[in-house]
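The values are calculated or read from the model by the stated rules, or taken from the named source; none is laboratory data. All values reported here derive from a predicted model rather than from experimental measurement. Every residue, glycine as well, gets a Cβ built from its backbone with ideal geometry; the counts of neighbours run over all protein chains shown.
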Amino acid sequence: MEDNGVFLIKKEIGGIDVNLHAVRIAHGYASPETAELTDVSDCVYFAVKGRCNVALYEKNFTVNKGTAFFAARNTKARCRQIGDEPFEYYSIAFDSLDCRTVFARMNLSKTQPISRFDDSIAGSLARLYETAKTGTVASAYAGISQLYAILSALAERYLSQESDDIENEYVKKAIAFMSAKYYDDINVNAIADALKINRSYFSVLFKKAMGVSPIQYLTELRISQACKLLAMGKTVVDTAILTGYNTPANFGYNFKRIMKMSPIEYKKEYCKQEQKGGNEKP
(Lines give C-alpha, C1' and ligand atoms only; values in the text may rest on other atoms or scores of the structure.)
Protein backbone atom coordinates (compact mmCIF):
# COMPACT_ATOMS: atom_id res chain seq x y z
CA MET A 1 0.00 0.00 0.00
CA GLU A 2 1.40 3.39 -1.00
CA ASP A 3 0.68 6.89 0.29
CA ASN A 4 -0.33 9.48 -2.26
CA GLY A 5 2.49 10.37 -4.58
CA VAL A 6 3.06 14.09 -4.76
CA PHE A 7 4.28 16.11 -7.73
CA LEU A 8 7.31 17.75 -6.24
CA ILE A 9 9.22 19.30 -9.11
CA LYS A 10 8.10 20.27 -12.57
CA LYS A 11 10.25 21.31 -15.48
CA GLU A 12 9.70 24.96 -14.66
CA ILE A 13 9.00 26.47 -11.27
CA GLY A 14 8.93 30.23 -11.19
CA GLY A 15 10.64 30.29 -14.57
CA ILE A 16 13.52 28.11 -13.38
CA ASP A 17 14.31 25.04 -15.48
CA VAL A 18 15.53 22.32 -13.14
CA ASN A 19 16.06 19.73 -15.89
CA LEU A 20 14.17 17.06 -14.00
CA HIS A 21 10.71 17.52 -15.53
CA ALA A 22 8.12 15.98 -13.18
CA VAL A 23 9.32 14.21 -10.06
CA ARG A 24 7.15 12.40 -7.55
CA ILE A 25 8.09 10.95 -4.20
CA ALA A 26 5.90 8.40 -2.44
CA HIS A 27 6.01 6.45 0.80
CA GLY A 28 4.57 2.97 1.13
CA TYR A 29 4.56 -0.52 2.63
CA ALA A 30 4.53 -4.00 1.13
CA SER A 31 2.21 -6.62 2.60
CA PRO A 32 2.57 -10.37 3.28
CA GLU A 33 0.46 -10.83 0.15
CA THR A 34 2.06 -10.14 -3.21
CA ALA A 35 1.53 -6.54 -4.30
CA GLU A 36 2.27 -5.01 -7.67
CA LEU A 37 4.26 -1.80 -8.01
CA THR A 38 4.27 -0.03 -11.35
CA ASP A 39 4.65 3.51 -12.61
CA VAL A 40 4.44 5.38 -15.89
CA SER A 41 7.86 6.88 -15.08
CA ASP A 42 11.27 5.46 -14.25
CA CYS A 43 11.20 4.75 -10.54
CA VAL A 44 13.75 3.98 -7.81
CA TYR A 45 12.48 2.30 -4.64
CA PHE A 46 14.48 2.72 -1.44
CA ALA A 47 13.95 0.11 1.30
CA VAL A 48 14.20 1.74 4.74
CA LYS A 49 12.80 -1.04 6.94
CA GLY A 50 12.14 -4.79 6.80
CA ARG A 51 12.69 -7.33 4.04
CA CYS A 52 10.85 -8.08 0.84
CA ASN A 53 10.95 -10.49 -2.08
CA VAL A 54 10.87 -8.60 -5.37
CA ALA A 55 10.12 -10.17 -8.76
CA LEU A 56 11.52 -7.84 -11.40
CA TYR A 57 12.78 -8.31 -14.99
CA GLU A 58 12.00 -12.04 -14.76
CA LYS A 59 14.28 -12.44 -11.75
CA ASN A 60 13.72 -12.66 -8.00
CA PHE A 61 15.60 -10.51 -5.50
CA THR A 62 15.62 -10.27 -1.72
CA VAL A 63 15.53 -6.60 -0.79
CA ASN A 64 16.66 -5.50 2.69
CA LYS A 65 16.88 -2.21 4.50
CA GLY A 66 19.47 -0.08 2.70
CA THR A 67 18.74 -1.60 -0.71
CA ALA A 68 17.46 0.33 -3.72
CA PHE A 69 15.93 -1.17 -6.83
CA PHE A 70 15.18 0.35 -10.21
CA ALA A 71 12.01 -0.25 -12.21
CA ALA A 72 11.86 1.29 -15.68
CA ARG A 73 8.65 3.02 -16.75
CA ASN A 74 5.63 0.73 -17.04
CA THR A 75 7.61 -2.18 -15.58
CA LYS A 76 5.77 -4.30 -13.01
CA ALA A 77 7.60 -5.11 -9.78
CA ARG A 78 5.84 -7.73 -7.63
CA CYS A 79 6.68 -7.40 -3.94
CA ARG A 80 5.93 -9.60 -0.96
CA GLN A 81 6.96 -8.87 2.63
CA ILE A 82 9.31 -11.40 4.27
CA GLY A 83 8.89 -12.02 8.01
CA ASP A 84 6.81 -10.10 10.53
CA GLU A 85 8.51 -6.72 10.30
CA PRO A 86 6.68 -4.39 7.91
CA PHE A 87 8.56 -3.64 4.71
CA GLU A 88 8.73 0.15 4.32
CA TYR A 89 10.03 2.08 1.33
CA TYR A 90 10.21 5.45 -0.36
CA SER A 91 10.03 5.75 -4.11
CA ILE A 92 11.08 8.55 -6.43
CA ALA A 93 9.63 8.60 -9.94
CA PHE A 94 11.29 10.63 -12.69
CA ASP A 95 9.66 11.56 -15.98
CA SER A 96 12.99 12.63 -17.47
CA LEU A 97 15.07 9.94 -19.15
CA ASP A 98 18.10 12.12 -18.37
CA CYS A 99 17.96 10.80 -14.82
CA ARG A 100 19.07 7.37 -16.01
CA THR A 101 22.57 8.85 -16.07
CA VAL A 102 22.33 9.30 -12.30
CA PHE A 103 20.93 5.77 -11.92
CA ALA A 104 23.84 4.40 -13.92
CA ARG A 105 26.24 6.12 -11.50
CA MET A 106 24.44 4.27 -8.71
CA ASN A 107 24.92 0.97 -10.61
CA LEU A 108 21.18 0.88 -11.25
CA SER A 109 19.84 -0.19 -14.63
CA LYS A 110 17.62 -2.84 -16.21
CA THR A 111 20.55 -5.25 -16.28
CA GLN A 112 21.63 -4.36 -12.72
CA PRO A 113 18.46 -3.24 -10.92
CA ILE A 114 19.66 -3.69 -7.31
CA SER A 115 22.11 -1.50 -5.40
CA ARG A 116 22.91 -0.30 -1.87
CA PHE A 117 22.63 3.14 -0.25
CA ASP A 118 23.88 4.68 2.99
CA ASP A 119 21.70 4.98 6.10
CA SER A 120 21.88 8.78 5.92
CA ILE A 121 19.86 8.68 2.68
CA ALA A 122 16.83 7.22 4.51
CA GLY A 123 16.54 10.31 6.70
CA SER A 124 16.93 12.57 3.67
CA LEU A 125 14.13 10.72 1.87
CA ALA A 126 11.81 11.11 4.85
CA ARG A 127 12.48 14.86 4.98
CA LEU A 128 11.97 15.17 1.23
CA TYR A 129 8.63 13.36 1.48
CA GLU A 130 7.44 15.62 4.30
CA THR A 131 8.49 18.67 2.29
CA ALA A 132 6.62 17.41 -0.77
CA LYS A 133 3.39 16.83 1.15
CA THR A 134 2.98 20.53 1.93
CA GLY A 135 2.47 21.30 -1.76
CA THR A 136 3.50 24.96 -1.58
CA VAL A 137 5.76 26.92 -3.91
CA ALA A 138 8.23 27.36 -1.05
CA SER A 139 8.27 23.62 -0.43
CA ALA A 140 8.89 23.02 -4.13
CA TYR A 141 12.03 25.15 -3.97
CA ALA A 142 13.12 23.34 -0.79
CA GLY A 143 12.37 20.04 -2.49
CA ILE A 144 14.63 20.89 -5.41
CA SER A 145 17.53 21.45 -3.03
CA GLN A 146 16.82 18.28 -1.04
CA LEU A 147 16.43 16.14 -4.15
CA TYR A 148 19.65 17.37 -5.72
CA ALA A 149 21.43 16.72 -2.42
CA ILE A 150 20.16 13.12 -2.38
CA LEU A 151 21.05 12.46 -6.01
CA SER A 152 24.47 14.08 -5.58
CA ALA A 153 25.22 12.00 -2.47
CA LEU A 154 24.23 8.81 -4.28
CA ALA A 155 26.23 9.66 -7.40
CA GLU A 156 29.33 10.78 -5.45
CA ARG A 157 29.41 7.58 -3.44
CA TYR A 158 29.54 5.43 -6.54
CA LEU A 159 31.85 7.79 -8.39
CA SER A 160 34.24 7.49 -5.45
CA GLN A 161 34.07 3.70 -5.60
CA GLU A 162 34.54 3.83 -9.35
CA SER A 163 37.56 6.09 -8.89
CA ASP A 164 39.09 3.71 -6.33
CA ASP A 165 38.62 0.79 -8.71
CA ILE A 166 40.34 2.71 -11.51
CA GLU A 167 43.24 3.70 -9.26
CA ASN A 168 43.70 0.11 -8.05
CA GLU A 169 43.77 -1.03 -11.65
CA TYR A 170 46.55 1.47 -12.39
CA VAL A 171 48.57 0.14 -9.46
CA LYS A 172 48.11 -3.48 -10.57
CA LYS A 173 49.23 -2.60 -14.09
CA ALA A 174 52.22 -0.68 -12.74
CA ILE A 175 53.34 -3.65 -10.62
CA ALA A 176 52.93 -5.99 -13.59
CA PHE A 177 54.94 -3.60 -15.77
CA MET A 178 57.77 -3.36 -13.24
CA SER A 179 57.84 -7.14 -12.75
CA ALA A 180 58.17 -7.63 -16.49
CA LYS A 181 60.65 -4.78 -17.14
CA TYR A 182 62.76 -4.41 -13.97
CA TYR A 183 65.88 -5.48 -15.91
CA ASP A 184 65.44 -2.60 -18.36
CA ASP A 185 66.50 0.99 -17.77
CA ILE A 186 63.03 2.13 -16.62
CA ASN A 187 61.99 4.89 -14.23
CA VAL A 188 58.80 6.48 -12.93
CA ASN A 189 58.34 8.44 -16.15
CA ALA A 190 58.51 5.27 -18.22
CA ILE A 191 55.94 3.54 -16.00
CA ALA A 192 53.54 6.51 -16.08
CA ASP A 193 53.94 6.75 -19.86
CA ALA A 194 53.13 3.05 -20.22
CA LEU A 195 49.95 3.59 -18.19
CA LYS A 196 49.19 6.82 -20.09
CA ILE A 197 48.68 8.85 -16.91
CA ASN A 198 50.32 11.89 -15.34
CA ARG A 199 53.59 11.13 -13.51
CA SER A 200 52.72 13.07 -10.35
CA TYR A 201 49.22 11.58 -10.18
CA PHE A 202 50.66 8.08 -10.64
CA SER A 203 53.23 8.60 -7.87
CA VAL A 204 50.56 9.78 -5.42
CA LEU A 205 48.07 6.97 -6.08
CA PHE A 206 50.82 4.29 -6.03
CA LYS A 207 52.15 5.40 -2.65
CA LYS A 208 48.60 5.64 -1.32
CA ALA A 209 47.97 2.00 -2.30
CA MET A 210 51.37 0.44 -1.58
CA GLY A 211 52.81 2.59 1.19
CA VAL A 212 56.04 3.22 -0.76
CA SER A 213 56.89 5.32 -3.80
CA PRO A 214 57.06 3.67 -7.24
CA ILE A 215 60.84 4.10 -7.38
CA GLN A 216 61.25 2.55 -3.93
CA TYR A 217 59.10 -0.42 -4.97
CA LEU A 218 61.11 -0.82 -8.21
CA THR A 219 64.40 -0.64 -6.31
CA GLU A 220 63.29 -3.27 -3.78
CA LEU A 221 62.05 -5.48 -6.61
CA ARG A 222 65.41 -5.22 -8.38
CA ILE A 223 67.39 -5.95 -5.22
CA SER A 224 65.16 -8.94 -4.46
CA GLN A 225 65.91 -10.32 -7.91
CA ALA A 226 69.60 -9.48 -7.46
CA CYS A 227 69.74 -11.60 -4.31
CA LYS A 228 68.45 -14.58 -6.28
CA LEU A 229 70.99 -14.04 -9.06
CA LEU A 230 73.91 -13.68 -6.64
CA ALA A 231 72.80 -16.85 -4.87
CA MET A 232 72.87 -18.60 -8.26
CA GLY A 233 76.53 -17.63 -8.65
CA LYS A 234 76.23 -14.61 -10.96
CA THR A 235 78.95 -11.99 -10.68
CA VAL A 236 78.21 -8.55 -9.27
CA VAL A 237 78.70 -6.95 -12.70
CA ASP A 238 76.34 -9.41 -14.43
CA THR A 239 73.78 -9.06 -11.65
CA ALA A 240 73.84 -5.28 -11.97
CA ILE A 241 73.16 -5.50 -15.71
CA LEU A 242 70.45 -8.15 -15.32
CA THR A 243 68.57 -6.02 -12.78
CA GLY A 244 68.53 -2.78 -14.77
CA TYR A 245 71.56 -0.92 -13.35
CA ASN A 246 73.90 0.88 -15.73
CA THR A 247 76.90 0.70 -13.40
CA PRO A 248 78.04 -1.70 -10.66
CA ALA A 249 78.57 1.33 -8.41
CA ASN A 250 74.93 2.39 -8.60
CA PHE A 251 73.85 -1.20 -8.08
CA GLY A 252 76.18 -1.59 -5.10
CA TYR A 253 74.91 1.61 -3.49
CA ASN A 254 71.25 0.55 -3.70
CA PHE A 255 72.00 -3.04 -2.69
CA LYS A 256 73.83 -1.95 0.47
CA ARG A 257 71.14 0.62 1.31
CA ILE A 258 68.46 -2.07 1.36
CA MET A 259 70.34 -5.22 2.41
CA LYS A 260 72.76 -3.47 4.86
CA MET A 261 75.69 -5.25 3.21
CA SER A 262 77.47 -5.08 -0.13
CA PRO A 263 76.73 -7.54 -2.96
CA ILE A 264 80.11 -9.22 -2.39
CA GLU A 265 79.42 -9.54 1.35
CA TYR A 266 76.02 -11.03 0.51
CA LYS A 267 77.60 -13.62 -1.78
CA LYS A 268 80.10 -14.58 0.93
CA GLU A 269 77.39 -14.76 3.59
CA TYR A 270 75.15 -16.83 1.32
CA CYS A 271 78.00 -19.23 0.47
CA LYS A 272 78.88 -19.54 4.15
CA GLN A 273 75.29 -20.43 5.02
CA GLU A 274 75.15 -22.93 2.16
CA GLN A 275 78.36 -24.61 3.31
CA LYS A 276 77.12 -24.70 6.88
CA GLY A 277 73.86 -26.25 5.76
CA GLY A 278 75.72 -28.81 3.63
CA ASN A 279 77.98 -29.82 6.50
CA GLU A 280 75.00 -30.39 8.76
CA LYS A 281 73.37 -32.84 6.34
CA PRO A 282 73.71 -36.52 7.35
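A few comments on the model shown:
- Selection within the stretch 256-282: residues that are exposed (fewer than 13 other Cβ atoms within 10 Å of the Cβ) and not in a helix (DSSP H, G or I). The member of this set that is modelled with the highest pLDDT is K260.
- Of all residues in the stretch 41-64, those satisfying the criterion of being without any contact (Cβ under 8 Å) to a residue 40 or more places away in the chain and part of a loop (DSSP other than H, G, I, E, B) are G50, E58.
- Hits in the stretch 247-271 - residues which are farther than 16 Å from Q216 by Cα and touching a helix residue (DSSP H, G or I) at 6+ places or on another chain (Cβ under 8 Å): T247, P248, M261, S262, P263, I264, Y266, K267, Y270
- Scope the stretch 37-62; condition among the aliphatic types (A, V, I, L, M) and surrounded by 19 or more Cβ atoms within 10 Å (Cβ to Cβ); matching residues: L37, V44, A47, V48, V54, L56
- Looking across the stretch 66-79, the residues that are buried (at least 16 other Cβ atoms within 10 Å of the Cβ) and without any contact (Cβ under 8 Å) to a residue 40 or more places away in the chain come down to A72, T75.
- Test result for T243, touching a Pro at 6+ places or on another chain (Cβ under 9 Å), modelled with pLDDT of 90 or more and buried (at least 16 other Cβ atoms within 10 Å of the Cβ): no
- Selection of the stretch 167-194 for residues being over 27 Å from A240 (Cβ atoms) and either exposed (fewer than 14 other Cβ atoms within 10 Å of the Cβ) or assigned by TED's automatic domain parsing to the domain that holds L221 (or both) yields N168, E169, K172.
- So V23, is it at pLDDT below 85, farther than 12 Å from Q81 by Cβ and of a type outside the set (F, W, Y): yes
Yes/no per residue for (1) more than 17 Å from D84 (Cβ to Cβ); (2) at pLDDT 85 or above:
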{"site": "L8", "(1), (2)": "yes, no"}
{"site": "G15", "(1), (2)": "yes, no"}
{"site": "T38", "(1), (2)": "yes, no"}
{"site": "C43", "(1), (2)": "yes, yes"}
{"site": "A47", "(1), (2)": "no, yes"}
{"site": "G66", "(1), (2)": "yes, yes"}
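- Considering residues of the stretch 113-131 that are surrounded by 13 or more Cβ atoms within 10 Å (Cβ to Cβ) and part of a loop (DSSP other than H, G, I, E, B) only, the residue modelled with the lowest pLDDT: F117
- Residue match in the stretch 76-97 (condition: in a helix (DSSP H, G or I), over 16 Å from L125 (Cα atoms), at pLDDT below 85 and not charged (D, E, K, R)): yes
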